[in-house]
Amino acid sequence: MLLPSIILILLAYWLLGTVLFFMQPRFIFNPTKNEPYTPANIGLPYEKVLLRTPDRLILNAWFIPAHNAEITILFCHGNGGNISYILDSVNIFNELGYNTFVFDYRGYGTSQGTPTEQGTYIDAQTAYDWLTHTKAIHPKDIIIFGRSLGGSIAANLASNVKAKGLIIESAFTSYADIGVKFYPYMPVRLFARYEYETKKYLPKVHYPVLIIHSRTDEVVPFEFGLRLYELFSNEPKDFIEIFGNHNDGFLYSGAVYRDGISNWVQSLTKEQRRQIPLKLRIVK
């Protein structure tokens with residue numbers, strides 16, 4: 001009686017593991033092809049840009065200028081949708097006085113190709129190269145910004161290029177770590193098909209880093225934001241605690257989010273970074 005039950009449990013475990021293994025691309029990449037909105041829908045002028053990657057794919061991107069902007073945000077979005085779904089962030093950056101450059105990874109929106117981990121890294125590098133070479137924006141005027149999956153992509157880019165600063169919002173330490181968190185009963189590390197090791201890229205960044213995370217994030221728990229903060233051993237570093245869900249915390253937190261980013265960016269231009277009082281909780 002006991003042996004058949006054990007065999008049945010092992011079979012069910014094997015089937016679940018097989019499903020999870022082959023479903024991983026759908027879990028980590030959730031692109032949307034349709035682009036229902038552009039910055040023009042929120043009253044912002046923009047430049048449509050077509051990027052050519054080293055492996056000859058064409059990526060869709062938008063450059064949204066702000067009046068008299070000195071800072072440009074290079075934004076790496078999350079695993080779902082496409083750039084037409086991040087206009088709330090574009091609007092925030094514009095109101096704060098920053099240019100914004102957003103791009104779609106391969107396979108997202110109208111960008112060609114199929115998403116892969118290495119492909120997303122190549123795409124981010126291609127976007128950075130366009131900003132610094134074609135647009136002639138100096139690295140000291142660029143802030144690399146990544147949200148969720150984009151946080152790992154942004155950290156990877158930041159570990160290889162120069163910039164004014166790096167902002168990571170609602171991100172995980174690694175793909176395997178987040179898998180273990182939600183599937184502790186599965187051999188996640190053994191079967192993980194992706195790495196996205198944000199924790200490995202961060203120590204290689206040698207300019208200011210800001211970590212943003214919501215304590216009530218239901219997709220990437222708050223503990224991951226704290227771990228990333230602790231893992232970054234190079235000063236200066238800061239942490240902004242926001243509130244709200246994974247996908248709307250930046251909106252729900254309102255002034256805490258906006259003022260936090262604005263004050264942090266201003267502090268980067270000051271000789272004494274701590275002279276600017278931050279109107280939010282900073283873990284330091």
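The values are calculated or read from the model by the stated rules, or taken from the named source; none is laboratory data. Quick caveat, the model's predicted, so the values are computed rather than measured. Neighbour counts are summed over all protein chains in view; Cβ atoms, including those assigned to glycine, are modelled from backbone coordinates with ideal geometry.
Per-structure values
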read-out	value
Matching residues, segment 105-128, being within 12 Å of the chain's Cα centre (by Cα) and not hydroxyl-bearing (Ser, Thr, Tyr)	Ala124
Identity of the residue in segment 49-90, among the polar types (S, T, N, Q) and out of contact with any Gly (no Cβ under 9 Å at 6 or more places or on another chain), that ends up farthest from Asp248 (Cα to Cα)	Thr72
Test: Glu223 is free of Cβ contacts under 8 Å to residues at least 24 places away in the same chain, assigned to a helix (DSSP H, G or I) and among the acidic types (Asp, Glu)	yes
Residue in segment 148-166 that is in contact with a Lys or Arg (Cβ under 7 Å, 6 or more places away or on another chain) and either in a loop (DSSP other than H, G, I, E, B) or free of Cβ contacts under 8 Å to residues at least 24 places away in the same chain (or both) present	yes
Scope segment 105-118; condition under 20 Å from Ser148 (Cβ atoms), touching a residue at least 60 places away in the same chain (Cβ under 8 Å) and not small (Gly, Ala, Ser); matching residues	Tyr105, Tyr108, Pro115, Glu117
Checking His206 against (1) over 25 Å from Pro25 (Cα atoms); (2) in contact with a Cys (Cβ under 9 Å, 6 or more places away or on another chain), the condition it does not meet	(2)
Lone qualifier among Ile143, Ile64 - being in contact with a Lys or Arg (Cβ under 6 Å, 6 or more places away or on another chain) and of a type outside the set (Gly, Ala, Ser)	Ile143
Residue in segment 85-100 that is surrounded by fewer than 24 Cβ atoms within 10 Å (Cβ to Cβ), assigned to a strand (DSSP E or B) and touching a Ser or Thr at 6+ places or on another chain (Cβ under 8 Å) present	yes
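Conditions tested, residue by residue: (1) in a loop (DSSP other than H, G, I, E, B); (2) within 20 Å of Ile168 (Cα to Cα); (3) modelled with pLDDT under 95.
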residue: Pro45; (1), (2), (3): yes, no, no
residue: Leu50; (1), (2), (3): no, no, no
residue: Pro54; (1), (2), (3): yes, no, no
residue: Leu59; (1), (2), (3): no, no, no
residue: Phe63; (1), (2), (3): no, no, no
residue: Ala66; (1), (2), (3): yes, no, no
residue: Ala69; (1), (2), (3): yes, no, no
residue: Ile73; (1), (2), (3): no, yes, no
residue: Gly78; (1), (2), (3): yes, yes, no
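Matching residues to (1) over 27 Å from Ile122 (Cα atoms); (2) assigned to a loop (DSSP other than H, G, I, E, B):
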residue: Tyr185; (1), (2): yes, yes
residue: Leu190; (1), (2): no, no
residue: Tyr229; (1), (2): no, no
residue: His246; (1), (2): no, yes
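Here's the yes/no breakdown for (1) under 22 Å from Pro39 (Cβ atoms); (2) surrounded by 19 or more Cβ atoms within 10 Å (Cβ to Cβ); (3) modelled with pLDDT under 95:
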| position | (1), (2), (3) |
| --- | --- |
| Asp104 | yes, yes, no |
| Phe145 | yes, yes, no |
| Leu149 | no, yes, no |
| Asn156 | no, yes, no |
| Asn160 | no, no, no |
